[in-house]
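Below is one structure, written out as structure tokens, with a few remarks after it.
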Amino acid sequence: MPNCKSTAQSLSEWFATPQGGYVLAREQKYFDRTVSDIFGYNALQLGLPEHDFLRSNRMPLRFSAGNQAGNAVRLTCTELPFDTASLDLVLIPHVLEFSEQPHQILREVERVLMPEGSLVISGFNPRSLWGLRRAMGGLRSRALGSKECYPWNGHFIALPRIKDWLALLGFEVVGGRFAAYAPPFHKTKWLERYAFMEAAGDRWWAVSGGVYFLHAIKRVPGMRLIKPQWNEGLVSKLMPAAPKLHNRITQRKRTDPQ
């Protein structure tokens, strides 16, 4: 028998439990706030099609992809079937810790992202009470010869390692935070009783949240904006009466006469 009170066979099933719902509420809040200010044309969410983490984004094309049923596109995350530099935003919620090739997934995401495109990641923090629960449960499972359930069967990746991978791929981390500071209780009443740890955690032990988020932007060295080359002679002919401001900006105040 699995060594856990929940018998969830997927992360989506675990999110339906009180313990998972506690994490999901904080993840949805972060994604809603973050993606609402990211603009472009094409946005992709890898995995968890049951949960629309792109719902507050305003891009014309928003879709989910992954190897589970319910995704708009069925694919393998290590080989994305999209053109190079074709996406403006990619979300990977808890994809890396359940993959045998997390670095390859990041390589593919970097390839399909446009220059200055955004990547938003969520992951379980091994340096937290939730990470301790996974480590202790893993030791017990090996001793009993049993199997752990979601999400404790994942390989929690430390935040510094994720940042190192992103830096090697040319990403710049521009935002992020931690969440889920309460211990990983199974019952709602205990999670609510320790709700005070959210505010306290942000202030006193910010790096110990059970879940972390990262917002990174793909930087391309040497890229610069291409500006139009104005034909000064043609401009002067088309606007012969235009006043020369000599690099000054004139502004009429509201109190000035019309």
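Here are a few things to note about the model shown:
- Per-residue Cβ neighbour counts within 10 Å put LYS218, LYS163, LYS189, LYS29 in the sequence LYS189, LYS29, LYS163, LYS218, beginning with the fewest.
- Only lysine pairs 8 or more places apart, or on different chains, with alpha-carbon atoms under 24 angstrom apart are counted in the range 11-218, and they number 6.
- Amide N of the range 22-61 lying under 15 Å from the label point, which is placed 7 angstrom from the Cα of SER86 along Cα→Cβ: 41-45, 61
- Sorting 41-49, 11-19 by average packing, meaning the other beta carbons within 10 Å per residue, from highest down gives 41-49, 11-19.
- Using a Förster distance of 35 Å, the FRET efficiency for ARG107-LEU132 (Cβ separation, nearest 0.05): 0.70
- Taking ASP83, ASP88, ASP202 and counting other C-beta atoms within 10 Å, the order from fewest to most: ASP83, ASP202, ASP88
FYI, it's all coordinate maths here, none of it is from the lab. Computed from a predicted structure; not experimentally measured. Note: ideal-geometry Cβ built from the backbone for every residue, glycine included; neighbour counts use all protein chains shown.
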